[in-house]
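Visitor: My questions will all concern the structure given below.
The values are calculated or read from the model by the stated rules, or taken from the named source; none is laboratory data. Keep in mind it's a predicted model, so treat the numbers as computed, not measured. Cβ sites come from the backbone with ideal geometry, for glycine too, and all protein chains shown count toward neighbours. Quick note on the areas: whole protein, heavy atoms, side chains included, nothing else; ligands and nucleic acids left out. Shrake-Rupley method; radii C 1.70, N 1.55, O 1.52, S 1.80 Å.
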Amino acid sequence: MLNKAKEYALRYISYRPRTAWEVNKKLTDKGYDTEIITLVMVFLKEYNFLNDEEFTRMWVSNRLREKPSGPHRIYSELVQKGVDKDLIERHLAEITLDKEEEMAMALVEKKCRKVPFNYNKIQGFLLRRGFKTIIVRKVLAEYA
């Protein structure tokens, strides 16, 4: 039973990186008992297959590069994945206001290449992306 649970967990994390909470939940949903899950989690952490610190670093980095998002949205996404709030806040502290403003401006410029500038629509877009209200207002004032 333990080997079957390990194989299941390894297959689950092979598709994309996961948090410890996600793997624990998946194994629980699959019906494995607590002792087996604990042993699997110890195994995965021992061999560094699960590392919430690394996952958080990677997630934040990806959201800054590939899919620009503000700290509010990144925080929310990571909380949903079961990452510790202190860990999230530590990594989000690396996002400066200048960096956030730069990302928001790049998104506005990209958006306005496709559709005409509409203050309300772009404001909503940026707020849904998790940017701070003060940053959104500043960027839209500069762009308008």
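Visitor: In percent, how large is the relative contact order of the stretch 1-136, given Cα pairs closer than 8 Å and 6 or more residues apart?
Guide: It rounds to 25 percent for the stretch 1-136.
Visitor: Non-local amide H neighbours of G70 (under 5 Å, H modeled in plane, Pro and chain starts lacking H): which ones?
Guide: So G70 has HN proximity to G130, F131.
Visitor: Please give the contour-minus-distance gain from W21 to E89: 0.36 nm per residue of separation, less the Cα-Cα distance, rounded to one decimal in nm.
Guide: Working: separation 68, 0.36 × 68 = 24.48 nm, distance 1.76 nm.
Extra length available between W21 and E89 comes to 22.7 nm.
Visitor: How about K6: which lysines have a C-alpha closer than 28 Å to its C-alpha, ignoring those fewer than 8 places off in the same chain?
Guide: Result set, ordered by chain and number: K25, K26, K30, K45, K81, K85.
Visitor: Carbon and sulfur: what percent of the stretch 15-144's accessible surface (1.4 Å probe)? Write out the running numbers ahead of the final one.
Guide: On the way: 4090 of 7970 Å².
Carbon with sulfur: 51 percent of the solvent-accessible area.
Visitor: Let me ask you something else. Calculate I(q)/I(0) for the stretch 61-144 by the Debye formula, one identical point scatterer on each C-alpha and no solvent, and give its log10 at q = 0.14, 0.19 Å⁻¹ to two decimals.
Guide: For the stretch 61-144 at q = 0.14, 0.19 Å⁻¹, log10 I(q)/I(0) is -0.46, -0.79.
Visitor: May I pose another question? Please list, in chain and number order, the residues 5+ apart from L50 or on another chain whose amide H is under 5 Å from its amide H, with Hs placed from the backbone.
Guide: K45
Visitor: Test of the criteria: in the stretch 22-81, which chymotrypsin sites (Phe, Trp or Tyr not before Pro) are in a DSSP loop and have at most 14 other Cβ atoms within 10 angstrom of their Cβ?
Guide: Taking the stretch 22-81 and a limit of 14 other Cβ atoms within 10 Å, the loop chymotrypsin sites (Phe, Trp or Tyr not before Pro) found are Y47.
Visitor: Tabulate in residue order the Karplus-calculated ³J(HN,Hα) for the stretch 102-114, using 6.51 cos²θ - 1.76 cosθ + 1.60 with θ = phi - 60°, rounded to whole Hz; enter x for Gly and Pro.
Guide: 3J(HN,Hα) across the stretch 102-114, in whole Hz: 4, 5, 5, 5, 4, 5, 4, 4, 5, 5, 6, 6, 8.
Visitor: Any chance you could run the full-extension gain for N118 through R137? It's 0.36 nm times the residue separation minus the Cα-Cα distance, nm to one decimal.
Guide: Going from the current span to full extension adds 5.5 nm.
Visitor: Okay, moving on. Using only the alpha-carbon atoms of the chain, report the extent along each of the three principal axes, biggest first, to the nearest angstrom.
Guide: 62, 28, 19
Visitor: Compute the angle between helix 119-128 and the longest alpha-carbon principal axis of the chain, please, reported from 0 to 90 degrees and rounded to the nearest 10.
Guide: 20
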